[in-house]
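First the structure, in the form of structure tokens, and then the observations on it.
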Amino acid sequence: MARRFEGKVVFVTGAARGQGRAEAVRFAEEGADVIAIDACAEFASTSYPGATEDDLAETVKLVEATGRRIRASKVDVRDFAALSAALAAGIEEFGRLDVVVANAGICSAALSWEITAEQWQETIDVNLTGVFHTAKAAVPHLIAQGTGGAMVFISSVGGLKGIPFTGHYVATKHAITGLAKTMANELGGHRIRVNTVHPAGVASGMNMSEMAPLFEEHAATLAPIFMNALPSYICEPEEIAAAVAWLCSDEAAQVTGAQIPVDMGNLNR
């Protein structure tokens, strides 16, 4: 495998499992040291189990198996002070920061007008405010370092189109897409690139049991929205990580403010 990130340091949120783990491991395989955080907690609005401290420990084990270093902390992206402290400690230990992957996120399902206030607020706080916190903590370090950098916000096909039953989630993913576009303009002069990646279904453990009955009830009219052009129904986390690694590499040095779909052609239907 190419070693595009030798001597570089990558910050990944939501790193305990799924896409976050795959991203941490991929960057380590390509030579990077990793600063990783995850809440390792249950969320009130989600029906699937949250990541655990054992999950985060497994990410540490997998990164260390590549021969690279990792500093992992149990930190919730909603807690700006704790996130900032964890990032600063990692930068102090590893000496720099080059790449930021704002991956942490949650999802639940309901018809838009039936989303509870609690569901709405928790989704906004984790998916949108968490990305804002990640960028807010990282950007001053990147600017002060003066060597450019790359940030990727993990959005969704729901950041570019409406996905039924996930109005709160879709709202956050559209919002971080807009934030990335704005920051790409603001940070271009510092050679800090900001892009979004837009997966469709990913085998990441976010299995929402409440989605199936909603889909079945409305399948006659809404099923085409979920269809892909490729004969696939789900991506593996490593496939998303590969796209993220390319986007953060020098091979994509002139790419900023872009929306990169890894969606099996879902957005093409």
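Numbers below:
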| quantity | calculated |
| --- | --- |
| Qualifying positions in region 61-71 - surrounded by 16 or more Cβ atoms within 10 Å (Cβ to Cβ) and farther than 19 Å from Phe5 by Cα | none |
| Residues of region 213-262 that turn out to be of a type in the set (D, E, K, R) and either at pLDDT below 95 or farther than 24 Å from Val152 by Cβ (or both), as a count | 2 |
| Which numbered condition Glu210 misses (of (1) in contact with a Ser or Thr (Cβ under 7 Å, 6 or more places away or on another chain); (2) within 30 Å of Gly149 (Cα to Cα); (3) not aromatic (Phe, Trp, Tyr)) | (2) |
| Matching entry among Ala229, Ala220 (being of a type in the set (Gly, Ala, Ser) and either in contact with a helix residue (DSSP H, G or I) (Cβ under 8 Å, 6 or more places away or on another chain) or assigned to a loop (DSSP other than H, G, I, E, B) (or both)) | Ala229 |
| Hey, Val139 under 22 Å from Ala44 (Cα atoms) and of a type in the set (A, V, I, L, M) or not | no |
| Cβ-Cβ under 9 Å pairs, at least 6 apart or on other chains, region 225-242 side without any contact (Cβ under 8 Å) to a residue 24 or more places away in the chain, far side part of a loop (DSSP other than H, G, I, E, B) and surrounded by 13 or more Cβ atoms within 10 Å (Cβ to Cβ) | Pro231/Met264 |
| Hits in region 52-75 - residues which are outside any helix (DSSP H, G or I) and either of a type in the set (S, T, N, Q) or without any contact (Cβ under 8 Å) to a residue 40 or more places away in the chain (or both) | Thr52, Ala65, Thr66, Gly67, Arg69, Arg71, Ser73, Lys74, Val75 |
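The values are calculated or read from the model by the stated rules, or taken from the named source; none is laboratory data. Just so it is clear, the structure is predicted and the values come from calculations on it, not from any experiment. No Cβ is skipped: glycine too gets one built from the backbone with ideal geometry, and neighbour counts run over all protein chains shown.
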